């Protein structure tokens, strides 16, 4: 698998990353081991997790696999902090103390001395930005994180944070921003992409298959084993089951048929080569599903197909910027 620099840094990451949102919760250690083995065997390096995934269960499982399945040096570990559960609702705490405690917990669960990329998971109006960003400085200066970034920030938030970090020598510059991006959601092209390109941030795209809809699985109905048929995830998928999305999915499937590819390969190849994208993060249920997605690494879409997909999916670019998706019951969900 080819590698790319993460933004304007020297950190090289695989063009597809492995998302682990379901690990330790819906994905057990056996399936996780199979996925990680398949990913590394394919040349993948970027492993994406968060302290909030399964309340730390994802990181704990990664720690087990780093001990007996893959070497630490074979993967680029990216984790996040700033989000958690409290009183049966999701809470955000981006204070310096909370972030650094979360980082220490992440290192302990994974059994590592440092992570390659540490990100603030969400923006918070309740904490001064300079306090939040000072935690990133402390993480880098202490050697607990090699690079830092943000996640789910809007365009102006991304620009403000990145500019603050560039304004004074010694601050840890932002390397990346992690945001939702797919043929079904191109809203980040309004402001986030221009900000990232101007300020040297690599884009890590989560849900690159439009919450699973771009696989084409919903074209003729609701599969019983799909996310949309799962009570705690149906509201997450629902926004992409409308008429507009159906038209985009049909265009993808038509292109896939003509190229003798799968809709997954077409969708991922389109996203992989968008301006500013360092990696697309894949979240799979099984190793076989993951291998099918990773086959997009070998796909080079003809320019006429790219142009057609650009045109058919450009409708949402006419609306307001909405970098954080609507109707998302669990905004930590990443992947397909």
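General remarks:
- No other residue among 73, 104 is without any contact (Cβ under 8 Å) to a residue 12 or more places away in the chain and out of contact with any helix residue (DSSP H, G or I) (no Cβ under 7 Å at 6 or more places or on another chain) apart from 73.
- Among the residues of segment 184-193, the one identified as surrounded by fewer than 24 Cβ atoms within 10 Å (Cβ to Cβ) and closer than 15 Å to residue 215 by Cα is 185.
- Test: residue in segment 44-56 that is assigned to a helix (DSSP H, G or I), under 12 Å from residue 75 (Cβ atoms) and touching a strand residue (DSSP E or B) at 6+ places or on another chain (Cβ under 9 Å): no
- Filter result (part of a helix (DSSP H, G or I) and buried (at least 24 other Cβ atoms within 10 Å of the Cβ)) within segment 106-131: 106, 110
Here is a yes/no grid of residues against (1) more than 18 Å from residue 77 (Cα to Cα); (2) assigned to a helix (DSSP H, G or I):
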{"position": "138", "(1), (2)": "yes, yes"}
{"position": "150", "(1), (2)": "no, no"}
{"position": "156", "(1), (2)": "yes, yes"}
{"position": "164", "(1), (2)": "yes, yes"}
{"position": "168", "(1), (2)": "yes, no"}
{"position": "171", "(1), (2)": "yes, no"}
{"position": "176", "(1), (2)": "no, no"}
{"position": "196", "(1), (2)": "yes, yes"}
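To keep it simple, each residue is scored yes or no on (1) modelled with pLDDT of 95 or more; (2) in a helix (DSSP H, G or I); (3) exposed (fewer than 14 other Cβ atoms within 10 Å of the Cβ).
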{"position": "258", "(1), (2), (3)": "yes, yes, yes"}
{"position": "264", "(1), (2), (3)": "yes, yes, no"}
{"position": "268", "(1), (2), (3)": "yes, yes, no"}
{"position": "271", "(1), (2), (3)": "yes, yes, no"}
{"position": "274", "(1), (2), (3)": "yes, no, no"}
{"position": "291", "(1), (2), (3)": "yes, yes, no"}
{"position": "296", "(1), (2), (3)": "yes, yes, no"}
{"position": "301", "(1), (2), (3)": "yes, no, no"}
{"position": "331", "(1), (2), (3)": "no, no, no"}
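- Here 19, 44, 54, 82 are screened, and the one residue that is under 18 Å from the mean Cα position of the chain (by Cα), within 19 Å of residue 108 (Cβ to Cβ) and either buried (at least 22 other Cβ atoms within 10 Å of the Cβ) or modelled with pLDDT of 95 or more (or both) is 82.
- Residue 62 meets the stated requirement of being out of contact with any strand residue (DSSP E or B) (no Cβ under 6 Å at 6 or more places or on another chain) and buried (at least 23 other Cβ atoms within 10 Å of the Cβ).
- Every residue from segment 33-43 that is in a helix (DSSP H, G or I) and touching a strand residue (DSSP E or B) at 6+ places or on another chain (Cβ under 8 Å): 35, 36, 39
The values are calculated or read from the model by the stated rules, or taken from the named source; none is laboratory data. Keep in mind that what you see is a predicted model, and the values were worked out from it rather than measured. All Cβ positions, glycine included, derive from the backbone under ideal geometry; neighbour counts span all protein chains shown.
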